[in-house]
Amino acid sequence: MDRKKLEIAYSIGVLIAIPLIVVVNTVILTQSTNKAFDIELRRKADLANSIISQSSIQLIQDKDYDKLQENLDALESSQPSLMHSAVIIKSNEDLKIVAHSSSAPVELTPNAEMEANLVYNRKGSVATFIDTYDRKSNPAQAWNVMTPVIDEKKDVIAVVSTSLLTVDAQEVINNAYQKSFIVLIISIILIVGLLFRHFRLVGYIRLLAKQRELNQTMNDFLSVATHELKAPTTIIKGYLSNVVEGDFGPVKPKIKEQIDVALSQTDRLNSLVQDLLNVSRVDQGRIEYKFTSVDTTKILNTIIENYRPIAEEKGLKLIFSPVDNLPFVNADEGRVQEVFTNLIDNAIKYTKNGSVNVQQIQKKDTIIINIRDTGFGISLEAKQRLFQRFYRVKTSETETISGTGLGLWIIKQYIEAMNGSIDVETMEGVGSNFIVKLQIK
Ligand code: ADP
């Protein structure tokens, strides 16, 4: 069976099981209510009979059967669940009904049960199940409760017999059934709703799996495409550089100008390919971090010297005043180099005039490096999205500056993998300060 069939079978199972549980629960509940009701009724009859038997001793001895009958009637009207009652005595070996409530049937005759109780029962009330009647498909049970009337000499002088029909219980049960039917309908509606959600959820999960598959394909494509692009662009750049440098003879200024444009575009293509390669490596977890003691001063000095001509060409001051004897950080040297190259490159790229200032601070076990510029700055809204991949701030000033919007995302992944952090303080039109924290130990 495939997964889809299993899911459907499961859903149908749930659809059947839950109402079934509700029904079974209701049946069990009503049956126990029924039993409790029966017991309660019999207890009532028992109590009524005991009261009669206590108050009847004198009346039976005085043969005041009219008063006895009055008592039976009074009892019956106070207890509507009881049917007729009667008092039976033994006279000359025969059983004789000496008093009965007005509702007793005319054909009421003493029976063996009554006799047995009269002769042998010394203990108290005895309840006997008589029959089950089907009253318009509502079964009702008839019970008989007999209580001996015992005189001072501990002789049984009479028996009080009361009949009761458990029809009242039936009403309660019918009510319960009706309510459980409503509960059943509501639970079915809820289950159907639940199933809808369940199917939607299954849909979402499938979509997610598909998306993951798609991501994987995209990553694979990216990885292959960037690899394939890297080699030709490196070769093109090599040949163009050779031409410009005069390896194949003197180059006319006009041609040199054209080749320089081609070279800068190749550089642009190269850095895009490099960024895409890094993104796919990060995504696939293929970046290996070799943790060693890294000298940030040495790294920053090298980068600053590399970028000094570019900064000077733009008329920017590039300042770095190294702190003496600064402890080394625990990180991957190559990645640290990429992080600061990217930040210093950005600072120069997004600053029109003024300066780029690199600072080192030690705070306990952390080295904080500030890359502060007097550039365009970043709006509050753009700041929220700054470290997202492919995000570039779009203003009239940044419009003409080329970039991929991948650099900050990539270096954030590197820094966090090295247990560090990156943040930015910035104000539009004033400048930015990128703050990198790296751990000493
Ligand atoms: P790229 O520079 O290739 O566009 P980055 O991820 O390095 O990509 O930077 C994302 C965006 O953040 C840039 O497009 C730029 O708008 C903004 N940004 C980065 N550094 C600075 C900075 N120092 N000053 C102002 N804006 C910056």
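The values are calculated or read from the model by the stated rules, or taken from the named source; none is laboratory data. Treat the numbers as computed from the prediction; the structure is a model and nothing was measured. Neighbour counts run over all protein chains shown; Cβ positions are idealised from the backbone, glycine included. These accessible areas exclude ligands, DNA and RNA; they are computed on the full protein's heavy atoms, side chains included. Shrake-Rupley method; radii C 1.70, N 1.55, O 1.52, S 1.80 Å.
Remarks
- Picking from residues in the stretch 386-410 that are among the hydroxyl-bearing types (Ser, Thr, Tyr) and more than 21 Å from residue 275 (Cβ to Cβ), the one that is nearest to the ligand (Cβ to nearest atom) is 395.
- Going through (1) closer than 19 Å to residue 63 by Cβ; (2) modelled with pLDDT under 70; (3) among the small types (Gly, Ala, Ser) one by one, residue 99 falls short only on (2).
- Selection of the stretch 270-317 for residues being at positive phi and modelled with pLDDT under 95 yields only 285.
- Residue that is more than 16 Å from the ligand (Cβ to nearest atom), surrounded by 12 or more Cβ atoms within 10 Å (Cβ to Cβ) and polar (S, T, N, Q), where the choices are 301, 270, 278, 242: 301
- The selection criterion, being over 18 Å from residue 82 (Cα atoms) and small (Gly, Ala, Ser), holds for residue 56.
- Screening 147, 166 for residues that are modelled with pLDDT of 75 or more and open to solvent by less than 20 Å² (accessible area, probe 1.4 Å) leaves exactly one candidate, 147.
- Output for the stretch 202-215, where each listed residue is surrounded by 12 or more Cβ atoms within 10 Å (Cβ to Cβ) and at pLDDT below 85: 202
- In the stretch 386-401, residue nearest to residue 337 (Cα to Cα) [restricted to those that are open to solvent by 90 Å² or more (accessible area, probe 1.4 Å) and of a type outside the set (Asp, Glu)]: 390
- Within the stretch 416-441, if we keep just the residues that are within 17 Å of residue 364 (Cβ to Cβ) and among the small types (Gly, Ala, Ser), the residue that is surrounded by the most Cβ atoms within 10 Å (Cβ to Cβ) turns out to be 420.
- Any hit, the stretch 250-269, residues being on the phi > 0 side of the Ramachandran plot and outside any helix (DSSP H, G or I): no
- Some residue of the stretch 83-98 being within 60 Å of the chain's Cα centre (by Cα) and open to solvent by less than 50 Å² (accessible area, probe 1.4 Å): no
- Residue 413 near the ligand (Cβ under 10 Å from one of its atoms), under 30 Å from residue 291 (Cβ atoms) and not basic (Lys, Arg): no
- Residue 23 vs. criteria touching a residue at least 12 places away in the same chain (Cβ under 8 Å), open to solvent by less than 40 Å² (accessible area, probe 1.4 Å) and in the same structural domain as residue 158 (by TED's automatic domain parsing): no
- Considered as a group, the residues in the stretch 332-385 that are within 12 Å of the ligand (Cβ to nearest atom) and acidic (Asp, Glu) include one that is least open to solvent (accessible area, probe 1.4 Å), and that residue is 373.
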